[in-house]
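J.: If you scroll down you'll find the structure; I have some questions about it.
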Ligand code: ASC
């Protein structure tokens, strides 16, 4: 009984944010846009290092990659149906082609994990390649699922 109760509490706790988001499309869209912006605030400084505009420092870069790994997981649960509102550029295809959209997400997660592993190893040439692969996953998803700027 205790186990069942704790299972119910766990499921309810996990489901709660999703439910509250679905109830407020504008807030969900806003949270999603903010999650992508947060990701960019780590991704862009890493890009300046990769492009040799800033010195490469192994530990600091690996730490940023770890942060990015975590941030990269945040936007996806926020793509709740009915939330292409406000500043959102989400195309309807996100919800009409869920498998293709999921594939883009998974490709991005694989790429960010590979970048983090490379950053741990510390070979800047390999880091550059992994960063480029990750940037390509951004573009690939945007090409299919993000509407042009209005
Ligand atoms: C960025 C950014 C993207 C990606 C993409 C890479 O910095 O805002 O959407 O990189 O342009 O191709």
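The numbers here are math on the coordinates, done by the rules we state, and not lab data. All values reported here derive from a predicted model rather than from experimental measurement. Counting neighbours? That spans all protein chains shown, and the Cβs are built from the backbone with ideal geometry, glycine included.
J.: I need the peptides 26-32, 85-91 ranked by packing, meaning the mean over residues of other C-beta atoms within 10 angstrom, with the highest value on top.
T.: Packing proxy ranking, top to bottom: 26-32, 85-91.
J.: If you don't mind, another one. Shape call for the chain from the C-alpha gyration tensor, a ≥ b ≥ c root eigenvalues: rounded (a/c under 1.5), prolate (a/b greater than b/c) or oblate?
T.: Verdict is oblate for the chain.
J.: On to the next question. Along the three principal axes, how long is region 68-150 when you take its alpha carbons, biggest first, rounded to the nearest angstrom?
T.: 43, 22, 22
J.: Which of 118, 96, 140 moves most in a GNM of the chain, Cα contacts under 10 Å?
T.: Of 118, 96, 140, the most mobile in the Gaussian network model is 96.
J.: Build a GNM of the chain with springs between Cα atoms under 10 Å: which of 81, 92, 55 gets the top mean-square fluctuation?
T.: Largest GNM mean-square fluctuation: 55.
J.: Would you calculate a helix-derived [θ] at 222 nm for the chain, using -39,500 (n - 2.57) for each DSSP H run of n ≥ 4 and dividing by the full residue count, to the nearest 500?
T.: When only DSSP H runs of four or more count, the value is -25500 deg cm²/dmol.
J.: Nearest 10 degrees is fine. How inclined is helix 2-23 to the longest principal axis of the chain, computing both from alpha carbons?
T.: 80 degrees
J.: Would you look at the GNM of the chain, springs on alpha carbons closer than 10 Å, and say which of 70, 46, 108 moves the most?
T.: With Cα springs under 10 Å in the chain, the top fluctuation among 70, 46, 108 is at 70.
J.: For the chain, find the longest principal axis of its Cα atoms and tell me its angle to the long axis of helix 58-71, 0 to 90°, nearest 10.
T.: The angle comes out near 20 degrees.
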